[in-house]
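Just passing along the structure, written as structure tokens.
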Amino acid sequence: MTIMFWVIAIITLGSALMMVMNRNIFHSALFMIVTFIGVAATYLMLQADFMAAVQVLVYGGAIAIFVVFGIMLTQRGDMKQSNLFSKHAPLAAIVALALIVINGVMVLKTNWAVSNAAPPTETVGPIAELMLQKYVIPFEVAAILLLVALIGAVIIAKEVKKTS
Amino acid sequence: MIGLQHFLIFSGTLFCIGLFGALAKRNAIAILMGLELMLNAVNINLVAFSRYITTGDFTGQVFAIFVIAVAAAEVAVGLALIVAIYRDRISVNVEDFDWLKW
């Protein structure tokens, strides 16, 4: 468990860092997929097997393909110079490093009320019950949101022209 | 022994890497990728809390699924906007996007 955690954490954070630092945006997209799979492995370590499956399907599959399509539809010119830093990169690095330190200190200082109960063995059934009973309205709202986003994305990308 | 703190520090570091990517990149698609990393870090937090603090209650995982749905909608609309802007300007460099500047 301990060794697995460190291996997964190093692979995930390392590929996330490579994704941010790479100058070629297509390599960045490939490292992003490795990061998403690493996050799915983290879910497995947290005994959330359904979440891991959703992560691999939605992030490792759908969103990665979306991003690759976006790169292919927009990129012109030199691919090796397609993902450069802007002029405020040093300031962003300072902010990010400060936030890492602040977050670490606060997490270690807080007294977490960790429960001692054994982790549940089955996850899919209880999640389904919660989604279709207690959270049925957010569930339907999410469905409408996905429909609206689908139609909106098609209309924005298609550029509706006036016929008159 | 690996506990809640390890997962929280891990997800916080992932969030900050995503934040750095979103703040420091020039390509609009790279900024979207940084946002996805930040949303993933938030999901790890939700699942870790549901595992260690409210064990047996799956509300955290249900909310993580809602976050994934919203993130999918966001990336679809964001990429459609980037493609539409690219057709207009032949560029995905956010420093060239100056319509909303004062």
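Can you grab the distance from the C-alpha centre of the range A:52-88 to the C-alpha centre of the range B:1-53, Å, no decimals?
17
With the crude spin-label approximation of a point 7 Å out along Cα→Cβ, what separation in nm comes out for A:Lys109 versus B:Asn93?
That separation, rounded to one decimal, is 4.3 nm.
When the chain is fully extended, how far beyond the present Cα-Cα distance does A:Ala98 get from A:Ala143, taking 0.36 nm per residue of separation?
On the way: separation 45, 0.36 × 45 = 16.20 nm, distance 3.80 nm.
Roughly 12.4 nm would be gained on extension.
Gain in length, A:Ser86 to A:Val136, computed as 0.36 nm per residue apart minus the alpha-carbon separation, to one decimal in nm?
Numbers: separation 50, 0.36 × 50 = 18.00 nm, distance 4.34 nm.
That pair, A:Ser86 and A:Val136, stretches by 13.7 nm at full extension.
Right, something else. Does the range B:4-96 come out rounded, prolate or oblate by the C-alpha gyration tensor, with a ≥ b ≥ c the root eigenvalues, rounded set by a/c under 1.5 and, if not, prolate when a/b is larger than b/c and oblate if not? Intermediate results must be reported in sequence, preceding the final value.
Values: a/c = 7.11, a/b = 2.04, b/c = 3.48.
In terms of gyration-tensor shape, oblate.
Below 23 Å, Cα to Cα, which lysines can B:Lys101 reach? Residues fewer than 8 away in the same chain don't count.
A:Lys87, B:Lys25
Return a whole-number percent for the relative contact order of chain A, with Cα pairs under 8 Å and 6 or more residues apart as the contact set. Spell out each step's value before the answer.
Details: 89 pairs, mean separation 31.2, N = 164.
It comes to 19 percent, rounded to a whole number.
Now a separate question. Would you mind calculating the gained length between A:Met18 and A:Ala117 on full extension (0.36 nm times residue separation, minus the Cα-Cα distance), in nm to one decimal? Show your work: numbers first, answer last.
Numbers: separation 99, 0.36 × 99 = 35.64 nm, distance 3.80 nm.
The span from A:Met18 to A:Ala117 would gain 31.8 nm if fully extended.
If you don't mind, another one. Under 19 Å Cα-Cα from A:Lys161, which aspartates and glutamates qualify once same-chain neighbours fewer than 8 residues away are excluded?
Filter leaves B:Asp88.
So what are the ³J(HN,Hα) numbers for the range A:123-136, from phi and the Karplus equation (6.51, -1.76, 1.60; θ = phi - 60°), rounded to whole Hz, Gly and Pro as x?
Using θ = phi - 60°, the values come out as 10, 5, x, x, 5, 4, 5, 5, 5, 9, 10, 6, 10, 6 Hz.
On a straight-distance basis, which aspartates and glutamates could pair with A:Lys134 in a cross-link, Cα separation under 16 angstrom, same-chain partners fewer than 8 positions away excluded?
Candidates past the 8-residue exclusion: B:Asp57.
Can I ask one more? Quick check on the protein assembly as shown: take the gyration tensor over C-alpha atoms, sort the square-rooted eigenvalues as a ≥ b ≥ c, and tell me if it's rounded (a/c under 1.5), prolate or oblate.
On the way: a/c = 2.19, a/b = 1.38, b/c = 1.59.
Oblate, because a/c is 1.5 or more while a/b does not exceed b/c.
Further question on the same structure: Between A:Ile151 and A:Leu30, what is the FRET efficiency for a Förster distance of 35 Å, r being their Cβ-Cβ separation, to the nearest 0.05? Don't skip to the end; give the middle numbers.
Values: r = 31 Å, r/R0 = 0.87.
According to the calculation, E is roughly 0.70.
Grab the other residues whose beta carbon is less than 15 angstrom from that of A:Ile63, score K and R as +1, D and E as -1, and report the net. Intermediate values should be presented prior to the final figure.
Details: positive: none; negative: B:Glu36, B:Glu74.
Spelling it out: positives minus negatives among the neighbours equals -2.
I would also like to ask the following. Taking only Cα atoms, what is the 0 to 90° angle, nearest 10, from helix B:4-24's long axis to the longest principal axis of chain B?
The angle comes out near 0 degrees.
Whole-Hz ³J(HN,Hα) for each residue in the range B:83-95, computed from phi via Karplus 6.51 cos²θ - 1.76 cosθ + 1.60 with θ = phi - 60°, x for glycine and proline: what do you get?
With the stated coefficients, the range B:83-95 comes to 5, 5, 5, 4, 5, 6, 10, 6, 7, 10, 7, 5, 6 Hz.
Using a ≥ b ≥ c from the Cα gyration tensor of the range A:1-109 (square roots of the eigenvalues), is it rounded, prolate or oblate, where a/c under 1.5 gives rounded and otherwise the larger of a/b and b/c decides, a/b for prolate? Write out the running numbers ahead of the final one.
Details: a/c = 2.49, a/b = 1.21, b/c = 2.06.
Since a/c reaches 1.5 but b/c is at least a/b, the shape of the range A:1-109 is classed as oblate.
So, with +1 on the Cβ of K and R and -1 on the Cβ of D and E, and no other charges, what is the size of the charge dipole of chain A about its Cα centre, to the nearest 20 debye? Don't jump to the answer; show the numbers that get you there.
Numbers: 9 positive and 6 negative charges, 153 e Å.
In debye, rounded to 20, chain A gives about 740.
Just so you know, all these numbers are worked out from the coordinates, no wet-lab data involved. Small disclaimer: the values here were computed from a predicted structure and weren't measured. Note: ideal-geometry Cβ built from the backbone for every residue, glycine included; neighbour counts use all protein chains shown.
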